[in-house]
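Colleague: Once you've had a glance at the structure underneath, I'll fire off some questions.
Laboratory data are not the source of any read-out in this text; all were calculated from the coordinates shown. Every value quoted in this text rests on a predicted model; they were computed, and no experiment measured them. Quick reminder, even Gly has a Cβ in these numbers, built from the backbone with ideal geometry, and neighbours come from all protein chains shown.
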Amino acid sequence: MAELIAVPLKKPSDVDIVKPLTNVIKSTYSNASNQKDYTEAITEFSKLRNNALWRAFEKYESSLEVIYSYYDQLCALEGKIPAHELQIPFKWKDAFDRTIFGGKLSLTISTLAYEKVCVLFNIAALQSSVAATQSLESDEGLKLAAKLFQQSAGIFNYLKSNVMMAIQQEPTPDISPETLGALSALMLAQAQEIFVHKAIHDAMKDGIVARLAAQAEELYADALKLFQKEIFRAFWDKEWIPLIAGKQAGYRAMTEFYQSLVCKNNKQIGEEIARLEHSVELFKAAQQRSNKPNLFQDYANRAQRNLTEVKKDNDFIYHERIPDIKSLEPVGKASVAKLITMPEVFSANFKDLFADLLPVSVHQAMSSYDVRRNELVNSEISKLREMTQVLNGVLASLNLPAAIEDTSGTQLPQSVLEKAQYIRDAGGIKALDNATKELPDLLQRNKELLDECDRMLQEERQSDDQLREQFKERWNRTASSNLTQQFHTTLRKYREIINNAVSADKIVREKYETNKEGMEILSLDESALINVVPTGSAVQESNTVAQLRSLMENVEALKTERDVIESELKSAVTDIKSTFLSALAKDGAIDEPNLSVETLGKTYGPLQKQVRDSIARQEQLIAEIQRCHAEFTAEQSGTGSAREAMLCKLAAAYDAFKELKGNLNEGAKFYNDLTQLLVVFQNKISDFCFARKTEKEELLKDLTSNLSQPGPVTTPNIPAHHGGASGQSETEKSGSSQLPYPTTFQGMPVPYGAGPTTPYPAYIPPPMPATYNPYATMPYPAQGNYNPYQVMPPNSFGGFATLPRYGSQHPHQGHQY
């Protein structure tokens, strides 16, 4: 009696998940505060996948916990990795590897969502296998079987509603909504069957068993309708439909048998005989339809014995009239089996390997906050630096402070000696020259990386175009040109960034050449420097000179203050992560713009006010310096014009040296940072090309195998006694005459699994360092969108007959639908 159906598992393929996952985590979290090394966690995740997916085929209860843990980890990881960033070509074969499909049916998609669908399918399938092997003689076995069948039914039902949204393309037949709906119905029917066994095992009242069996009969009838759809012709295991049909008739027979026992207790002899006669006929029908002579045999024997005894008693004692079975009141149904909804976490002892990774929404919000913060900080620092350059230019044009320090006319002013010492300590013009020569090498390295990215994309496109030309319409995967638009856009943006950097290099070189002579002089030792500077008349002490010295002290104080402000702008720290996490926990979403603006205002508002005050004070200070210098010029003799010109030149060279030193350091950092980004970009393209290569090989394999396969197998006609209802429309019949699935899979995977609205990539990249002067004049490449997925129109499928339902026709009459 207890012949239960177990769903076969989908077969996974081994795939390297370490390298792509490492690339994604490094690229996504490279600039985040979390700098943890996830190499060990990624390796453990790879081991967990292999263990979970292959141990499932052992079909033991202990295997469930392993695959539960893997699925839970997938769910946890999906919330922390940008949805379409991960380029792992997950390949799964159809669970029902039937001959009619050539044994080649598989699907490869590079998304975690597809992996989750397939793992969930295997969880439900494994649950059915474990449930089917439980002992129905023990209370523990019955409880576990009922639980697992209900869980399996719930998972298949969930997948039915969500599979198309998850994979965004035509599925393999085993995970089509129609197949999943049929499997869910079957699992629910088998769960109800277990409850019938449980009631009998617990010696419950005959009326309860009858109602439970009536519900089991109805659920098997529902499952049979789904399994007999035209789209499933020759799809299922050859024993499944006969067994389901036999179970439907058998549980109708069980309903009548146990209700006859109720009649026996109530001394309703005529009704007892009618139900027993009907029960005996239905048991025979169950055995015939299932092709299993022993199905329900024990209960069939009991029914026959009871029928013989009660007929004998009725003939000799009671002489009650035997009513027509159709006139009897139908037995009520007791629906106990339910679809168990999926839990948030399957595993009892789940531990997230990537617990330290932030949720994607928080990471995106933090990336946006970093963009806003960097823009604000860079803007304020740029204001300070620009005003300082203006101030230095004014002082250099006035030969200050050197003009008021030249008390002898022959000795060098102290400020010039200090500037010369600074330049010598910094390595002199030779260090600057060496740094200038390094930039072309750094630039060339980045150009070569971009060229390699372009080469890989062109090579992949050419291969796709060549095969499309060779196979024509049979090469029906998405064209490379439709998938690489964002890559090419990013390539152009990076090239534009590099071109701007080249222009910046030119500006630096021109400034270097303009001030080279003055920087060379300042690089000399003190004695040589004295000999180079012409002599002149000494400065005459006066109130004006004293005022200018005081003003120079104010200048130095202003510059020192700005250094402090710049340092505070760069080092200001806010716990924005906690702010975003709290908002996500409280509201389920993050209002990043408002939270960021509010936090930035609190943190940087006082510093912005200091910047404004510093700029205003400089304007007053320059005006006062220019006024005093005019008085100073009128007081002093004009005999030192050559000396003054040289001192002005050296002052300008010193300012240029400091600026160039900063520019070259920033330029080198700019190119090195860009190299890291380009390496990440190259890895993404490499992963993309690998995924495309995998799908190309799969499609080539299918196309070449098709050439060597015989023609399609002719499906035998359905027997006449399984014919459709007379009311079935011709439209339904014609609409279901063709299988909706190809004999070899035609919808090859779309790299990145791009959804209808999800942009690629889904994260906000770190901004280019805008404080670099004059480098990084452009932001990083913007993000793009994929075209929406087009949903295929539903097919119309016909139906086949179910076995007779309770309270309708006699089994020897026509079938009811």
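Colleague: How would you rank D465, D525, D222, going from fewest to most other Cβ atoms within 10 Å of each one's own Cβ?
Modeller: Numbers: D465 14, D525 9, D222 17.
By the 10 Å Cβ count, ascending: D525, D465, D222.
Colleague: Taking 0.36 nm per residue of sequence separation and subtracting the Cα-Cα distance, how much length would be gained by fully extending the chain between D465 and N594, in nm to one decimal? Present the calculation step by step, with values, prior to reporting the outcome.
Modeller: Numbers: separation 129, 0.36 × 129 = 46.44 nm, distance 4.79 nm.
Residue separation times 0.36 nm, minus the Cα-Cα distance, leaves 41.6 nm.
Colleague: Quickly work out the E418-to-E526 label distance, labels modelled 7 Å from Cα along the C-beta direction, and quote it in nm with one decimal.
Modeller: Distance between the two pseudo-spin positions: 1.5 nm.
Colleague: For a quick check: sort F690, F580, F235 by the number of other beta carbons within 10 angstrom, fewest at the front. Working shown, then result.
Modeller: Numbers: F690 19, F580 26, F235 22.
Lowest count first: F690, F235, F580.
Colleague: Go ahead and collect, in residue order, the members of the stretch 183-201 whose backbone nitrogen is under 15 Å from a label point 7 Å along the Cα-Cβ direction of L136.
Modeller: 187-201
Colleague: Sorted from fewest to most neighbouring beta carbons within 10 Å, what does the list W236, W92 look like? Walk me through the numbers on the way to the answer.
Modeller: Details: W236 18, W92 25.
Fewest to most other Cβ atoms nearby, the residues stand as W236, W92.
Colleague: List every residue whose amide H lies under 5 Å from the amide H of F90, counting only residues 5 or more places away in sequence or on a different chain, with H placed 1.01 Å from N in the peptide plane.
Modeller: Amide H neighbours of F90, under 5 Å, 5+ apart: I109, S110, T111.
Colleague: Which far-off residues, 5 or more places away or on another chain, put their amide H under 5 Å from the one on F96, with H placed in the peptide plane?
Modeller: It is D174, by chain and number.
Colleague: Give, in nm to one decimal, the length gained when the segment between S62 and K669 is fully stretched (0.36 nm per residue of separation minus the Cα-Cα distance).
Modeller: Working: separation 607, 0.36 × 607 = 218.52 nm, distance 5.36 nm.
Extra length from S62 to K669 when fully extended: 213.2 nm.
Colleague: Same structure, new question: Separation between the T308 and D587 pseudo-spin-labels, each 7 Å from Cα along Cα→Cβ, expressed in nm?
Modeller: Result: 8.0 nm between the two label points.
Colleague: In the structure shown, do any of K36/K696; K59/K338; K19/K437; K36/K91; K383/K661; K229/K338 have a Cα-Cα gap over 26 Å, and if so which? Don't skip to the answer; put the middle values down first.
Modeller: Details: K36/K696 36 Å; K59/K338 24 Å; K19/K437 36 Å; K36/K91 30 Å; K383/K661 19 Å; K229/K338 24 Å.
Beyond 26 Å between Cα atoms: K36/K696; K19/K437; K36/K91.
Colleague: Can you run phi through the Karplus equation (6.51, -1.76, 1.60; θ = phi - 60°) for the stretch 687-701 and list ³J(HN,Hα) in whole Hz, with x for Gly and Pro?
Modeller: For the stretch 687-701, the Karplus-derived couplings read 5, 4, 5, 5, 4, 5, 5, 4, 5, 4, 5, 5, 5, 4, 4 Hz, x marking Gly and Pro.
Colleague: May I pose another question? Show me, for the stretch 655-662, the HN-Hα J-couplings you get by feeding each phi into the Karplus relation (A = 6.51, B = -1.76, C = 1.60, θ = phi - 60°), rounded to Hz, glycine and proline as x.
Modeller: Coupling constants for the stretch 655-662: 4, 5, 4, 4, 5, 5, 4, x Hz.
Colleague: Using amide H atoms built in the peptide plane, which far-off residues or other-chain residues are under 5 Å from L4 H to H?
Modeller: none
Colleague: For a protection proxy built on the mean count of beta-carbon atoms within 10 angstrom, sort 585-591, 694-700, 261-267 highest first, please.
Modeller: Packing order, densest peptide first, comes out as 694-700, 261-267, 585-591.
Colleague: Here's something else I'd like to know. Using the beta-carbon distance between K205 and A234 and R0 = 41 Å, what value does 1/(1 + (r/R0)^6) give for FRET efficiency, to the nearest 0.05?
Modeller: Values: r = 44 Å, r/R0 = 1.07.
Approximately 0.40, to the nearest 0.05.
Colleague: At 0.36 nm per residue, minus the direct Cα-Cα distance, what do A546 and R321 gain on full extension? Give it in nm, one decimal, please. Can you show the working numbers first?
Modeller: Details: separation 225, 0.36 × 225 = 81.00 nm, distance 13.53 nm.
Stretched out fully, the A546 to R321 stretch lengthens by 67.5 nm.
Colleague: Between K701 and E473, how many nm apart are label points set 7 Å from Cα along the C-beta direction?
Modeller: 2.7
Colleague: Short version: ³J(HN,Hα) in whole Hz for each residue of the stretch 360-367, in order, from phi by Karplus 6.51 cos²θ - 1.76 cosθ + 1.60 (θ = phi - 60°), x for Gly and Pro, what are they?
Modeller: Once rounded to whole Hz, the list reads 4, 5, 5, 4, 5, 5, 5, 5.
Colleague: Efficiency by 1/(1 + (r/R0)^6): what FRET value for D298 and E568, r their Cβ-Cβ distance, R0 = 51 Å, to the nearest 0.05?
Modeller: Numbers: r = 87 Å, r/R0 = 1.71.
Efficiency at R0 = 51 Å is approximately 0.05.
Colleague: Let me ask something else about it. Place a point 7 Å from the Cα of R617 along the Cα-to-Cβ direction; which residues of the stretch 568-598 have their backbone N under 19 Å from it?
Modeller: 568-570
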